[in-house]
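Reading through the structure tokens given below for one structure.
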Amino acid sequence: MKNRKVMTVLAAFGVMVLSAGCSGKTPAAAESQESQTETQEETEPAEEEEEAPTALTEEEEQDLYNLYIKVNNSILGSVDSSLGRYFSYIEYQEEFVKPDGYYDCYSISEYDFESLKEADELVAKKPEKDELDEAYLALSPVLQELGTVLNEVDAYTEEESYTEDDYAKGAELHAEIWKNCETYENASMGFVAVLNEVAAEQRAADMEKMKEEGYEVTYAFVKLISTAQEIQTAVYEQGIEDDSMMLELDTEALQPLYDQYMEESEAVLGYLGNEEALRNEGYPTQSAYYMTFKEAVENSVEELKEIFRKVAEQEPPKDFSIANAFMVDGSISGFNSKVSAMVSGYNQMINY
């Protein structure tokens, strides 16, 4: 199957809207750091001079871009969710205030650390760094440091060691988290902003190529995802940061995008019911991923309808803390979870 992976920022704005970050606002992190490549001077005839970085191959460039997408889609979200969890127990201030007993955070997976290591190695090979590379280099160190400290917090609280040392180590770990918060917020915001620009350009080029090559089904799928992300962006730009603010949503301003999404989703569901059209473009209609994608599209439509209904009737979401990819609850977080499931299902489907 030809590679038609959606090279866009999966829920970039979903991460912004849903995340708590260090400050309870959008994620972000660090001052720009350039990766310096030192050339070893020849001191002895037997010593060889280190090779200067060489340009990445086309495949390596794509791998690096995919890793940047993963940093945005997965790793930032994991760190941000963990920080949000942590600060739901601990006062958001420099001084550590003992909680009333238990507290915790979410762990950061070793797989995420491996992805950061891979990205570090690839970007280090580039002799010239572009704006996105520099934004990543500003983010990577603090992201890894925060991830490491959060995992220490997770182990410390899981073992309830604070009952033995009266939160002494907890205070030390809090100091490490706190010193990185502002850097994390600034650098992650910078990275997301640059990645959005690059992704938008890539998406436009990819979609134009799809049209030229006659991939009608694929174009319809990617266009729907693009519109979903435009809706996420529009919601965020209204200042709606989470479900507690949902009833302030200006649905009239969103109406054109809503109508567009309904029209495009109808076309997509039509294609999903056309096995011949799907087979012609290599889609596996018998795979579980096909059904995952189809259900995510259907659920995203119902979620958006419910959001508009609840805003019109001023009915608040039932639970601000729940975002289920398989159940429609009429919330901003619910819609974002459906968009994430839709992109994930699509990418899995084309890689089947």
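The values are calculated or read from the model by the stated rules, or taken from the named source; none is laboratory data. As the structure is a computational prediction, the values presented were derived from the model and not from experiment. Reconstructed Cβ throughout: ideal geometry from the backbone, glycine too, with neighbour counts over all protein chains shown. For accessibility, only protein heavy atoms count, side chains too; no ligands or nucleic acids. Shrake-Rupley method; radii C 1.70, N 1.55, O 1.52, S 1.80 Å.
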Residues of segment 155-168 being in a helix (DSSP H, G or I) and either among the small types (Gly, Ala, Ser) or open to solvent by 40 Å² or more (accessible area, probe 1.4 Å) (or both), in sequence order, are Ala155, Glu158, Thr163, Glu164, Asp165, Ala168
Q | Glu131 at pLDDT 95 or above, within 22 Å of Tyr111 (Cα to Cα) and surrounded by fewer than 19 Cβ atoms within 10 Å (Cβ to Cβ) | A | no
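Here's the yes/no breakdown for (1) part of a helix (DSSP H, G or I); (2) of a type in the set (Gly, Ala, Ser); (3) closer than 30 Å to Tyr89 by Cα:
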| position | (1), (2), (3) |
| --- | --- |
| Ile108 | no, no, yes |
| Tyr111 | yes, no, yes |
| Glu114 | yes, no, yes |
| Ala119 | yes, yes, no |
| Lys126 | no, no, no |
| Ala138 | yes, yes, yes |
| Val142 | yes, no, yes |
| Thr148 | yes, no, yes |
| Val153 | yes, no, yes |
Inset, instruction - Kindly indicate whether Glu114 is among the acidic types (Asp, Glu), open to solvent by 20 Å² or more (accessible area, probe 1.4 Å) and free of Cβ contacts under 8 Å to residues at least 24 places away in the same chain. - result: yes
Of (1) open to solvent by 40 Å² or more (accessible area, probe 1.4 Å); (2) part of a loop (DSSP other than H, G, I, E, B); (3) closer than 18 Å to Val343 by Cα; (4) not aromatic (Phe, Trp, Tyr), Thr285 satisfies every one except (1)
Can you say whether Tyr289 is in contact (Cβ under 8 Å) with a residue 24 or more places away in the chain, among the hydroxyl-bearing types (Ser, Thr, Tyr) and more than 22 Å from Asn351 (Cα to Cα), as far as the supplied structure shows?
no
For segment 228-241, pairs from a residue that is under 17 Å from Ser344 (Cα atoms) and touching a residue at least 12 places away in the same chain (Cβ under 8 Å) to a residue that is open to solvent by less than 60 Å² (accessible area, probe 1.4 Å) and part of a helix (DSSP H, G or I), with Cβ under 6 Å and 6 or more apart or across chains, are Ala228/Val339; Gln232/Phe13; Gln232/Gly14
Scanning segment 169-198 for residues that are of a type in the set (A, V, I, L, M), crowded, with 19+ Cβ neighbours inside 10 Å and over 24 Å from the mean Cα position of the chain (by Cα) gives Leu173
Those residues of segment 199-223 that are within 21 Å of Ser265 (Cα to Cα) and under 23 Å from the mean Cα position of the chain (by Cα) come to a total of 11
Just one listed residue, out of Lys305, Lys310, is in contact with a Gly (Cβ under 6 Å, 6 or more places away or on another chain) and either surrounded by 19 or more Cβ atoms within 10 Å (Cβ to Cβ) or in a helix (DSSP H, G or I) (or both), and it is Lys310
Discussion item. Considering only segment 272-289, I want to know if a residue exists there that is under 20 Å from Glu230 (Cβ atoms), modelled with pLDDT of 90 or more and charged (D, E, K, R).
Written reply: no
Pairs returned, first residue in segment 130-151 that is small (Gly, Ala, Ser), second residue that is outside any helix (DSSP H, G or I) and buried (at least 21 other Cβ atoms within 10 Å of the Cβ), beta-carbon separation under 8 angstrom, 6 or more apart or interchain, are Ala138/Ala29; Ala138/Ala30; Gly147/Ile108
Screening Ile75, Ile69 for residues that are crowded, with 18+ Cβ neighbours inside 10 Å, more than 30 Å from Asp166 (Cβ to Cβ) and in contact with a helix residue (DSSP H, G or I) (Cβ under 7 Å, 6 or more places away or on another chain) leaves only Ile75
